[in-house]
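Novice: Could you have a look at this structure, given as structure tokens, before my questions?
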Amino acid sequence: MDRVSEGTRMKMTGSIRNLFSGAIMATTFAGGAGAQQPTAHHWAIVLHGGAGIIERASMNPATEAAYRASLAEATQAGAQVLDRGGTSLDAVEAAIRILEDDPLFNAGRGADFAADGRNELDAAIMDGSNMKAGAVGDVTRSRHPISLARAVMEKSPHVFLVGQGADEFSVYAGLEQVDPSYFFTERRWQSLVKQLKKEGLPIPPRPAGAPPPPAEPVTEIEPPDAHKYGTVGVVALDRAGNLAAGTSTGGTQAKRWGRVGDSPIIGAGTYASNQSCAVSATGTGEYFIRLTVARTVCALVQYKGMKLQAAADEVVHQELTGLDGDGGVIAIAPDGEMVWSFNTPGMYRARLAEGGKLEIGIYNDEP
Ligand code: ASP
């Protein structure tokens, strides 16, 4: 047998074996006269809203309550899709759209600013059932970058579009367009100005279309430095047993020179495969890119047979921490195992499985 056909045969055997063990794991058979109806999977969904120096001591109760309410709302939106038999892809998109509209998070409206005073948004989505993926970098006019990433996957022959071309594709795909000032929030702007002063960099003019500066200084509604975080991500398992992952972000504050982080890079910040797991990451993207974090978590599950929690912990607490990187991941397995792992003081996060209780966490001393 030549090497190509042997490789193909091994690949096929592998995927049939994985498919089969997936089916055994997730399927039970109803008894009765000749009826062997596979029962549906239980759906499950996990969300994050960014990881970083988010500490109880510097968080005020109203802000904390606002974050928890937002996480609950987005989780419920995704759960509703799954509960009525919708796809994990639809659930991921639905939940992320809500977080993109929410100015608390660094995605869509409320995104961090680049050093030039612009909001340049990144997003990716991946369908674990067929390994299709779509991603965008440095886009400026789509209200929902996650939907633009999905359009790249479904309506273009490509996987990753950036900058002006991606903005043009968004119009072509018929997505909702907004003026770039739509993404502006005073809180993130003030935070950028402070950061640029600290770095001795020039302060760009207030963006065109932004509201006039307030007479009173804006009060910090979150811990110092929390502005650096707030990327959002969702992973889900639907009743058909399919996994999906998505991530959306404004990137890191005061980023320069067209910087793109890990979030829209398939295998770094976002990854999904029914053969292993679905992952969305958050943290300083440069480390996640170099460690191909999302794919590595899934590879440990796929090739080493590790449990998902152990795989996520290995990558975050050994590899990422070993490089002095900061952040975390959420992940979900085909059997419905829902995990998070992070090496920062906090990560905004939530999870819910069919028939289970909604869990929301912020600090690292919560379960
Ligand atoms: N990972 C994102 C980036 O580097 C930022 C974040 O997750 O906070 O662009």
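The values are calculated or read from the model by the stated rules, or taken from the named source; none is laboratory data. Given the structure is predicted, the values throughout are model-derived calculations rather than measurements. Using ideal geometry, Cβ is built from the backbone for each residue, glycine included, and neighbour counts are taken over all protein chains shown.
Novice: Among the residues in segment 106-121, are any in a helix (DSSP H, G or I), within 23 Å of ILE266 (Cα to Cα), in contact (Cβ under 8 Å) with a residue 60 or more places away in the chain and in contact with a strand residue (DSSP E or B) (Cβ under 7 Å, 6 or more places away or on another chain)?
Specialist: no
Novice: Determine, yes or no, whether GLY78 is in a helix (DSSP H, G or I), crowded, with 22+ Cβ neighbours inside 10 Å and at pLDDT 95 or above.
Specialist: Judged against the criteria, GLY78 is a match.
Novice: Of all residues in segment 134-184 being charged (D, E, K, R) and touching a Ser or Thr at 6+ places or on another chain (Cβ under 9 Å), which is surrounded by the fewest Cβ atoms within 10 Å (Cβ to Cβ)?
Specialist: Out of the qualifying residues, it is GLU176.
Novice: Of all residues in segment 262-285 being farther than 19 Å from SER341 by Cβ and out of contact with any strand residue (DSSP E or B) (no Cβ under 6 Å at 6 or more places or on another chain), which is nearest to the ligand (Cβ to nearest atom)?
Specialist: The extreme case among them is ILE265.
Novice: I need a count of the residues in segment 36-62 that are surrounded by fewer than 16 Cβ atoms within 10 Å (Cβ to Cβ) and not in a loop (DSSP other than H, G, I, E, B).
Specialist: Result for segment 36-62: 6.
Novice: Okay, moving on. Could you please find all residues in segment 226-255 being within 13 Å of the ligand (Cβ to nearest atom) and in a loop (DSSP other than H, G, I, E, B)?
Specialist: Listed by number, the residues that qualify are TYR229, GLY230, THR231, GLY250, GLY251, THR252, GLN253, ALA254, LYS255.
Yes/no matrix, rows are residues, columns are (1) aliphatic (A, V, I, L, M); (2) under 29 Å from GLN302 (Cβ atoms); (3) modelled with pLDDT of 95 or more; (4) surrounded by fewer than 24 Cβ atoms within 10 Å (Cβ to Cβ):
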| site | (1), (2), (3), (4) |
| --- | --- |
| GLU100 | no, no, yes, no |
| ARG109 | no, no, yes, yes |
| ARG118 | no, no, yes, yes |
| ALA124 | yes, yes, yes, no |
| MET131 | yes, yes, yes, yes |
